[in-house]
Amino acid sequence: MPYHDGAALSTVYSAARDEGYGFFASNVTQFDVLLGLLRGADRVDADAVVQVSRESAAFYGDGDPAVGLDAFGAYLDRVAERTDVGVFCNVDHVHLPDQRDFLDTVVETGFASSVMVDASDRPFEENVERVSEAVEHVREGDRETLVEAELGRVAGTESGVETAEEDAFYTDPEQAVEFVERTGVDLLAISVGTRHGVASGRDLDVRPDVARDVDEALRDAGHDVPLVVHGASGLSDEQVEAFLDAGVPKFNKNTRYQYEYARTAADFYHDHADAVRPPAGVDDDRGSMFAGAGWSPDKTHFHPHVVGEEVRERLADVMADLSDLTGSAGQSLYAGR
Ligand SMILES: [Zn+2]
């Protein structure tokens, strides 16, 4: 079925929170990654939330994010029709105020199920002001689109913005209630000790208890606002489970998929380094699989579709496992519809 708007996504997150499961919202940096993730979600009957950043939109548009977002949206719409689950797209990290023109593009394209606007590196009052304006702007659009914003500060590098460890801090529950009431956001990204980018091997002081306190404060104040944890690639399975238990239904993941892509392609070409063969009488003394133009490729391994298919299958397996971990497997609200 085609991908869905914010109203449908809101229903999906509500069901997840009621039943205690969640989603990895998955950044798509390349089309084989997208198709692999959808294949995996479809295989285990999990609705899928994919994400595209301005950076990736620019990549798809060969430097032009507006062209790239439009092309990505058209592609996603068509391939989502082939799945038997709900497919949603979040536009990730539109940094305010410097990427405000890209928010115009998102609204004009009418493409997103949700969009994250990020002024979390600004002082509280400015964050409130910029996000409020963005929420108003998004609601003027034709398509119903949820808005996510962030309160607190997550360490690491995201869309070129670097936040040092010592500048990161946890989200305050009371401030979260005030932020939601003043901005009208639909989802709230909180800072709970994760990092953007890779965090494996680091000792993260992750705080599911902070997530629980923020969730409870919002519920007590009468707000049905799902929480989001960014930088989830660095979390262990146990930590993800602890955040699910604390009421978090959305986890942003990006780095893991980039790693799986590179690893799968590197392993494949390493295993098939002889897929390009020297002409008769020429010594095979190359250091890599590529040599002179006179060498002939064995297309059963050399063709880009072959490694692309390897990547898709790997990402499908990863998505299926991750859907088991978050409990979204078997829970599609759209399976068979
Ligand atoms: Zn993020």
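Values quoted throughout were computed directly from the atomic coordinates according to the rules given, and no laboratory measurement underlies them. Computed from a predicted structure; not experimentally measured. Methodologically, a virtual Cβ is constructed for each residue, glycine included, from the backbone with ideal geometry; neighbour enumeration extends over all protein chains shown.
Where Rh denotes the Kirkwood radius from the mean inverse Cα pair distance, what is Rg over Rh for segment 56-134?
Ratio of gyration radius to Kirkwood radius for segment 56-134: 1.04.
Which residues' amide hydrogens lie under 5 Å from the amide hydrogen of V94, considering only partners 5 or more residues apart or on another chain, with H built in the peptide plane?
M116, V117, D118
Given the rule -39500 (n - 2.57) for each run of at least 4 DSSP H residues, summed and divided by the residues of the chain, what is its mean residue ellipticity at 222 nm, to the nearest 500 deg cm²/dmol?
The per-residue figure over the chain is -14500 deg cm²/dmol.
Which percent, to the nearest 5, of DSSP beta bridges fully inside segment 114-271 are antiparallel?
Details: 4 of 19 bridges.
In segment 114-271, DSSP labels about 20 percent of beta bridges as antiparallel.
When the chain is modelled as a GNM with alpha-carbon springs shorter than 10 Å, which of A41, A58, A211 fluctuates the most?
Judging by the Gaussian network model, the answer is A58.
List the residues, sorted by chain then number, that are 5 or more residues from L146 or on another chain and whose placed amide H is less than 5 Å from its amide H.
Amide H neighbours of L146, under 5 Å, 5+ apart: G6, S114, V115.
Taking N as the number of residues in the chain, what value does Rg over Cα atoms divided by 2.2 N^0.38 Å take? Let's see the in-between values first.
Details: Rg = 21.1 Å, N = 337, 2.2 N^0.38 = 20.1 Å.
Its radius of gyration relative to the 2.2 N^0.38 Å reference: 1.05.
Under the Karplus relation 6.51 cos²θ - 1.76 cosθ + 1.60, θ = phi - 60°, what is the ordered set of whole-Hz ³J(HN,Hα) values for segment 57-74, x standing for Gly and Pro?
4, 5, 4, 5, x, 6, x, 10, x, 5, 5, x, 5, 4, 5, 4, x, 5
Please get the size of the charge dipole for segment 1-153, origin at its Cα centre, with Cβ charges of +1 on Lys and Arg and -1 on Asp and Glu, quoted in debye to the nearest 20. Each step should come with its number before you reach the end.
On the way: 12 positive and 31 negative charges, 92 e Å.
Around 440 debye, computed over segment 1-153.
Sort the following peptides by mean Cβ neighbour count (other Cβ atoms within 10 Å, averaged over residues), highest first: 147-157, 132-142.
For the peptides 147-157, 132-142, the packing ranking is 147-157, 132-142.
What does segment 298-337 give for Rg and for Dmax, in Å, if only its C-alpha atoms count?
14.9, 44
Can you work out the FRET efficiency for the pair D267 and D101, with r the C-beta to C-beta distance and R0 = 51 Å, to the nearest 0.05?
Once the sixth-power term is evaluated, E becomes 0.80.
Could you go through segment 143-151 in sequence order and give the Karplus-derived ³J(HN,Hα) for each residue, using 6.51 cos²θ - 1.76 cosθ + 1.60 with θ = phi - 60°, rounded to whole Hz, and x for Gly and Pro?
8, 6, 10, 6, 10, 10, 9, 10, 10
Projecting each Cα onto the charge dipole of the chain (Lys/Arg +1, Asp/Glu -1 at the beta carbon, about the Cα centre), which of L204, Y3, A112 comes out farthest on the positive side?
Value computed over the given set: Y3.
What whole number of Å gives the distance from the Cα centroid of segment 68-131 to the Cα centroid of segment 27-67?
Taking the Cα centre of segment 68-131 as reference, the centre of segment 27-67 is 13 Å away.
For segment 37-43, take each phi angle, set θ = phi - 60°, evaluate the Karplus expression 6.51 cos²θ - 1.76 cosθ + 1.60, and give the result in whole Hz per residue in order, putting x for glycine and proline.
So the J values, rounded to whole Hz, are 5, 5, 4, x, 5, 4, 4.
Among 125-131, 33-39, 184-190, how do they line up by average Cβ neighbours within 10 Å per residue, starting with the highest?
Working: 125-131: 18.0, 33-39: 24.6, 184-190: 22.9.
Output ranking for 125-131, 33-39, 184-190: 33-39, 184-190, 125-131.
Please list, in chain and number order, the residues 5+ apart from Q51 or on another chain whose amide H is under 5 Å from its amide H, with Hs placed from the backbone.
Residues meeting the criterion, in which the H sits 1.01 Å from N, are S26, N27, V28, N90.
Please report the antiparallel percentage of DSSP beta bridges with both residues in the chain, rounded to the nearest 5.
Beta bridges within the chain, antiparallel portion: roughly 15 percent.
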